[in-house]
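The values are calculated or read from the model by the stated rules, or taken from the named source; none is laboratory data. Since we're looking at a predicted model, the values are computed, not measured. With ideal geometry, Cβ positions are generated from the backbone for all residues, glycine too; neighbour counts draw on all protein chains shown. To get the accessible areas, we keep the full protein, side chains included, count just its heavy atoms, and leave off ligands, DNA and RNA. Shrake-Rupley method; radii C 1.70, N 1.55, O 1.52, S 1.80 Å.
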Amino acid sequence: MILEASTIASVQHARAFAKHLYKSENEIVEVWESLSGGEKQVDFTADLVDLQLFTDLTRGRTGIFHVAIAPRQYEQMSQEQWQQLMTAIAEEFDLLEQMRLVMYHQKGGRQHIHVFWSLVDSERGKLLQVGRYKRRLQRVATELEKEFGHALTPR
């Protein structure tokens with residue numbers, strides 16, 4: 001499985017990212033977790049912008065941590081496995097208590113999800129750091145590939 005991470009640093013970047021997520025080439029687009037309520041009321045773009053606006057209150061820049069999770073096409077994952085993977089990533093980066101947004105996609109028969117965590121520590125009014133995330137995500141992916149019985153992805 002591939003875990004790719006990035007950060008979002010502006011409201012414009014958040015809007016552009018949300019627009020990308022809704023491209024018509026996606027066969028299935030489902031919002032699994034949002035800030036704005038039930039499935040019929042979800043405005044994922046507004047939710048992503050709101051996460052960035054929380055960042056702006058800290059006078060920081062990169063306040064959203066995004067991870068795209070893509071198993072191989074022939075390695076289907078259950079809802080429990082997706083949740084386990086998101087929890088493992090959150091534990092690795094100490095993000096369990098942070099707000100998050102989750103969107104599921106299927107494109108070309110291949111399933112993947114996008115997870116966005118707010119890096120705003122609301123108690124201290126500062127941003128959390130997620131340094132060396134590439135190496136740390138590779139470690140999480142390898143551990144869970146073994147546990148899920150998936151073929152190991154060359155790193």
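Which of the following values of Cα extents along the principal axes in Å was calculated from the structure shown: [x] 62, 37, 26; [y] 43, 33, 23; [z] 58, 35, 31? Among [x] 62, 37, 26; [y] 43, 33, 23; [z] 58, 35, 31, the one calculated here is [y]. The residues of the chain present an accessible area of 56 Å² per residue when probed at 1.4 Å with all protein chains retained.
In the chain, the longest principal axis of the Cα atoms and the axis of helix 79-92 are about 60 degrees apart.
Considering helices alone, the calculated mean residue ellipticity of the chain at 222 nm is -11500 deg cm²/dmol, with DSSP H runs of length four and up weighted by -39500 (n - 2.57) and normalised per residue.
Helix 44-57 and the long axis of the chain differ in direction by around 50°, with both axes built from C-alpha atoms. Under the criterion of Cα pairs below 8 Å and six or more residues apart, the relative contact order for the chain equals 31 percent.
Listed by chain and number, the aspartates and glutamates placed with their C-alpha closer than 14 angstrom to that of K134 are E4, E92; residues fewer than eight positions away on the same chain are left out. List the GluC sites (Glu not before Pro) within the range 45-139 that fall in a DSSP loop (any state other than H, G, I, E or B) and whose Cβ has at most 14 other Cβ atoms within 10 Å. Here the sparse-neighbourhood loop sites are E97, E123. For the listed peptides 130-139, 13-22, a ranking on the average number of other beta carbons within 10 Å per residue, highest first, reads 13-22, 130-139.
Taking only protein heavy atoms and a 1.4 Å probe, the accessible area of the range 1-105 is 48% carbon and sulfur.
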